[in-house]
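Step one of this worksheet: look at the structure below.
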Amino acid sequence: MQGSTRRAGIMTDVHRRFLQLMMTHGVLEEWDVRRLQKHCYKVHDRNATMEKLEDFINNINSVLESLYIEIKKGVTEDDGRPIYALVNLATTSVSKMATDFAENELDLFRKALELIIDSDTGFASSTNILNLVDQLKGKKMRKKDAEQVLQKFVQNKWLIEKEGEFTLHGRAILEMEHYIRETYPDAVKICNICHSLLIQGQSCETCGIRMHLPCVAKYFQSNSEPRCPHCNDYWPHQVPEVFDPEKERETGISKSNKKVLAVQAALVVPAEGSLPGGLPAAALSEREASVFPVPRTTSLFFTFMVNIFGINRS
């Protein structure tokens, strides 16, 4: 295997270990994904020439395709940082799995989502979300309990909280874009530049077109007098700074991982053969678990998605 050329669709121990660690995290910034890939080669195939990240992930995705799972690339809406998330592509019972969330907790997320989509800013205040607690399906929930559930969504990177307001995490956007477009056709917002789903962004006060903050930054980065790409009127908003990957490499650490999460190795290691579709899992060492610590809850977002929207419950 050492030094060999890998054919598309062939899973080596390098790919299996990478996939296993992606499963435990669910979503990672690109800096950490590259670091993870390098580590997996070091453990299993240190003499091999490392594949380009795009080819490496495409190889894994070719195997996951029949399982309706994909490692998908996106960017954060606030500052354009590249991220990779393991997402579910299925809309049938083939991907139906149990979750750790009760019916009323799932309904709380649904209501938060609706408020976020309907808002002009892409944020929903905790007050507005908690005011809907009495309307939840299933067991009654106190506002205090609802606050804790919202924090669980934040910890698992499905929501982001900023100063008492909530918006969708990039992980949720990657997985839910198709659903949101279909479910909220009248409220959905699309970026005029990249034509992807827009939750946070800026809008033209004249014609109303919207743009992601990273798209605004790139479009106007060399323009001292920014004008709307649609109507050519003056763009009244402050142009945000463009994400600089070179500067990020110099810092040697990603923004989201400045603080290492302390999690015991026992919570990290899936059982042998526990990868999707029965793919053999490479065992993780205790040292490796400490190098790549993971969130306290290792449930994948796609297990949550299938249940929250009642996809094919028959």
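Summing +1 for each Lys or Arg and -1 for each Asp or Glu, what net charge is found among the other residues whose Cβ lies under 13 Å from the Cβ of PRO236? Surrounding charge for PRO236 is -2. Beyond 21 Å in Cα-Cα separation lie the following of the pairs LYS38/LYS73; LYS152/LYS189; LYS137/LYS162: LYS152/LYS189; LYS137/LYS162.
For region 103-243, the pair-distance distribution built from all alpha carbon pairs, in bins 5 Å wide starting at 0, is 2, 10, 18, 19, 17, 14, 9, 6, 4, 2, 0, 0 percent. Taking a sphere under 9 Å around the Cβ of SER126 and counting the other residues whose Cβ falls inside, with K and R at +1 and D and E at -1, yields a net charge of -3.
Quick note: the coordinates plus some simple rules give every number you see, no bench work behind them. Only a predicted model underlies this, so the values are computations on that prediction, with no experimental measurement involved. Glycine also receives a Cβ, built like all others from the backbone with ideal geometry; neighbour counts cover every protein chain displayed.
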